[in-house]
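Chemist: A single structure is presented below for examination.
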Amino acid sequence: MNETDRPTGPTAPAGPAAAHPGPSRAPRVHYAWVVAGVALLVLLGSAGFRSAPSLMMDALHTEFGWSMGTISSATSVNLTLYGLTAPFAAALMDRFGVRLVVVCALLTISVGAGLTMLMRQPWQLVLCWGVLVGLGSGSMAGAFATTITGRWFRARQGLVTGVLTAAGAAGNLVFLPLGAWLVEQHGWRSAVVVVSLAATAVAVPVLLLMRERPADLGLFPYGATEAPPVPATGGGALARSLRVLRSVSRTRAFWLLATSFAICGATTAGLVGTHFIPAAHDHGLPVTTAASLLALIGVFDVIGTVASGWFTDRFDAGRLLVVYYALRGLSLLVLPQLFAGSLEPPILAFVIFYGLDWVATVPPTVALCRRHFGEDAPIVFGWVLACHQVGAAAVAGLAGFARDALGDYDLAWYAAGGLCAVAVLLCLALRSTAAADRTAPVLS
């Protein structure tokens with residue numbers, strides 16, 4: 001084991017860290033891995049909670065007569081708030097603590113899902129699943145994983161980011177088949193009851209095990225050999241988030257990252273995550289089978305995202321993004337020809353290929369945020385993620401209305417493939433960004 005891999009605990013921290021004296025010897029298992037485990041559980045649950053609307057679209061259409069566009073509008077609001085909450089959540093975590101913010105977010109999801117059982121009008125779906133679940137999920141978005149890895153790890157940051165990002169896919173893997181079975185056998189209300197209860201249950205280990213910083217336990221971050229500087233947390237979370245946005249919006253790197261990540265959201269959560277199940281059902285595939293395919297995408301997403309984290313520790317992040325977006329675009333362009341009324345090898349091939357690429361973009365995007373924006377990377381990534389979700393929200397709604405107007409999703413798949421080509425060009429431009437822009441300090 002080399003020096004950067006060794007879990008390290010301080011023996012005599014200097015300066016501000018002296019208030020948290022360390023143990024005389026390092027623990028066998030660094031507490032960073034406990035915190036990462038709790039974060040993994042939170043992100044697993046959050047992903048499962050967000051996947052429920054795609055399972056309920058046909059059931060809500062049948063029971064209430066609402067169009068796909070109307071139902072998709074709730075998903076659009078959810079995705080928008082999921083993204084817009086992220087940068088403020090990162091600042092709130094700095095100000096009030098990760099544990100408080102995450103527990104409040106989980107309880108908000110629980111309330112929003114629970115109230116869905118009482119709805120009778122479309123605006124109530126927008127309020128419960130769009131607003132409440134969107135705000136709760138957004139507070140545990142990618143900025144949460146970035147905050148955890150930034151505070152607790154110096155070694156293995158890319159790998160841990162990949163594992164935490166893959167938790168989203170694993171959450172879908174667990175919940176999608178279960179949720180589809182519940183919706184089919186017991187109605188959509190049974191699925192939202194499970195979401196509500198599970199969100200409350202996940203809050204318990206957060207309360208018991210989550211800690212804010214290694215210094216609270218007298219430790220250095222995993223792989224560090226000295227105490228990190230004590231971050232400044234003065235000022236309101238809203239003001240700080242907006243200050244960071246104002247500063248980074250003057251850089252070319254931010255807009256290239258934000259726009260390419262908006263396309264990432266449009267082609268994953270917005271289109272495939274929201275509409276793959278109803279699109280497959282349009283071709284005669286049972287909802288439970290389509291949900292299982294989407295969950296299988298999650299299996300390969302876990303592999304692809306963890307591998308992407310490993311690659312990010314070793315290869316140029318910008319080059320990785322070029323490859324990922326190019327492969328994703330090709331897979332989406334051929335998807336309309338692969339749907340069938342039964343489970344066939346071509347659609348399984350798509351699931352494997354697309355799954356490996358689903359959110360493999362996150363570890364290199366986080367790495368680029370750290371490279372360009374330093375200590376403000378969690379908040380900057382929060383704003384980049386906000387753009388991701390705005391892109392997802394726009395396509396989630398537009399694809400639903402396109403389905404209502406055209407009778408199928410073919411145009412949406414082709415347009416998504418074209419957007420991936422645009423993302424490739426943006427990432428190539430990012431790689432050529434001037435060194436002065438890449439290293440410009442961000443004042444927050």
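The values are calculated or read from the model by the stated rules, or taken from the named source; none is laboratory data. Predicted, not measured: the structure shown is a model, and the values here were computed from it. FYI the Cβ positions are ideal-geometry reconstructions off the backbone, even for glycines, and counts take in every protein chain you see. SASA here: full protein model, heavy atoms, side chains in, ligands and nucleic acids out. Shrake-Rupley method; radii C 1.70, N 1.55, O 1.52, S 1.80 Å.
Chemist: Mean separation of Cα pairs under 8 Å and 6+ residues apart, divided by the residue count of the chain: what relative contact order is that in percent?
Modeler: Once divided by the residue count of the chain, the mean separation gives 27 percent.
Chemist: While we're looking at this one, here's another question. Give me the net charge of LEU335's neighbourhood, meaning all other residues with Cβ under 14 Å from the Cβ of LEU335; Lys, Arg count +1, Asp, Glu -1.
Modeler: Value of the local net charge: -4.
Chemist: Hey, what's the stretch 145-228 come to in accessible area per residue, 1.4 Å probe, Å²?
Modeler: Heavy-atom accessible area per residue stands at 37 Å².
Chemist: Going from most exposed to least, what order do SER342, SER76 have by accessible area with a 1.4 Å probe?
Modeler: Ranked list, largest accessible area first: SER342, SER76.
Chemist: Just grab the label-to-label distance for HIS283 and ASP404, each label 7 Å out from Cα along the Cβ direction, in nm (one decimal).
Modeler: 2.5
Chemist: Residues with beta-carbon under 13 Å from that of THR268, excluding THR268: net charge, scoring Lys, Arg +1 and Asp, Glu -1?
Modeler: Local net charge: 0.
Chemist: Next question, about the same structure. Using alpha carbons only, how many degrees (0 to 90, rounded to 10) separate the axis of helix 362-373 from the longest principal axis of the chain?
Modeler: Once rounded, the angle reads 40 degrees.
Chemist: Using a 1.4 Å probe and counting only protein heavy atoms, arrange GLU184, GLU375, GLU344 so the residue with the most accessible area comes first.
Modeler: Heavy-atom accessible area, descending, gives GLU375, GLU184, GLU344.
Chemist: How are the C-alpha pair distances of the stretch 54-101 spread across 10 Å bins, as whole percents from the shortest bin up?
Modeler: Over the stretch 54-101, the share of Cα pairs per 10 Å bin runs 24, 31, 21, 20, 4 percent.
Chemist: Another one. Dipole of the chain, Cα-centred, from +1 at each Lys and Arg C-beta and -1 at each Asp and Glu C-beta, to the nearest 20 debye?
Modeler: Dipole of the chain, to the nearest 20 debye: 1300 debye.
Chemist: Here is a follow-up. Under a plain spin-label model, where a point goes 7 Å from the Cα along Cα-to-Cβ, how far apart in nm are LEU428 and ARG28?
Modeler: Going from the LEU428 label point to the ARG28 one covers 5.4 nm.
Chemist: With all protein chains present, how much of the accessible area of the stretch 289-444 (probe radius 1.4 Å) comes from carbon and sulfur, to the nearest whole percent?
Modeler: Carbon and sulfur together cover 72 percent of it.
Chemist: Give the accessible surface of the stretch 317-368 per residue, rounded to a whole number of Å², with probe radius 1.4 Å and ligands, DNA and RNA excluded.
Modeler: 35
Chemist: Roughly how much of ILE352 is accessible, in Å² to the nearest 10, using a 1.4 Å probe?
Modeler: 70
Chemist: Based on the Kirkwood radius over alpha-carbon pairs, what value in µm²/s does the Stokes-Einstein equation return for the translational diffusion coefficient of the stretch 220-376 at 4 °C and 1.567 mPa s?
Modeler: 72
Chemist: Okay, next question. So the label point goes 7 Å from the Cα of GLU375 along Cα→C-beta, right? Which residues of the stretch 125-165 then have their backbone N under 17 Å from it?
Modeler: 147-154
Chemist: Something else: Find me the longest stretch of the chain that has none of the exposed trypsin sites (Lys or Arg not before Pro), where exposed means in a DSSP loop (not H, G, I, E or B) with at most 13 other Cβ atoms within 10 Å.
Modeler: 315-444
Chemist: May I pose another question? Would you rank THR274, THR259 by solvent-accessible area, highest first, keeping every protein chain in place and using a 1.4 Å probe?
Modeler: The residues order as THR259, THR274, largest area first.
Chemist: Specify, per residue and in Å³, the volume enclosed by the convex hull of the alpha carbon atoms belonging to the stretch 178-293.
Modeler: Convex hull of Cα atoms, per residue: 214 Å³.
Chemist: Something else now. Rounded to a whole number of µm²/s, how large is the Stokes-Einstein D of the stretch 105-195 at 4 °C and 1.567 mPa s, given Rh as the Kirkwood radius over C-alpha pairs?
Modeler: D = 87 µm²/s.
Chemist: Still on this structure, I have one more. Dipole of the chain (Lys/Arg Cβ +1, Asp/Glu Cβ -1, origin at the Cα centre): which of ILE352, TRP33, LEU406 lies farthest to the positive side?
Modeler: TRP33
Chemist: With angles folded into 0 to 90 degrees, how steeply does helix 272-282 sit against the dominant principal axis of the chain? Use alpha carbons for both and round to 10.
Modeler: Result, in degrees: 20.
Chemist: Can you give the accessible area of ASP94 in Å² (nearest 10), computed on protein heavy atoms with a 1.4 Å probe?
Modeler: Spelled out: ASP94, probe radius 1.4 Å, area about 40 Å².
Chemist: Relative to the longest principal Cα axis of the chain, at what angle does helix 317-334 sit, 0 to 90 degrees, rounded to 10?
Modeler: That helix lies at roughly 10 degrees to the long axis.
Chemist: So what's the stretch 272-324 giving for Cα Rg divided by 2.2 N^0.38 Å, two decimals?
Modeler: For the stretch 272-324, the normalised Cα radius of gyration comes out at 1.52.
Chemist: Cα atoms only, the stretch 325-444: Rg and Dmax in Å?
Modeler: Calculated on Cα positions, Rg and Dmax stand at 17.6, 56 Å.
Chemist: So, with +1 on the Cβ of K and R and -1 on the Cβ of D and E, and no other charges, what is the size of the charge dipole of the stretch 334-440 about its Cα centre, to the nearest 20 debye?
Modeler: In debye, rounded to 20, the stretch 334-440 gives about 360.
Chemist: At 0.36 nm per residue, and after removing the present C-alpha to C-alpha distance, how many nm does the segment from GLU63 to LEU178 gain when stretched out fully?
Modeler: Difference between extended and current length: 39.3 nm.
Chemist: Hey, with R₀ at 30 Å, roughly what FRET efficiency would ALA201 and TRP123 work out to, going by the Cβ-Cβ distance, to 0.05?
Modeler: The value I calculate is 0.55.
Chemist: Continuing with this model, one more query. Counting every Cα pair in the chain, what percent are over 39 Å apart?
Modeler: Counting pairs separated by more than 39 Å, the tail of P(r) holds 17 percent.
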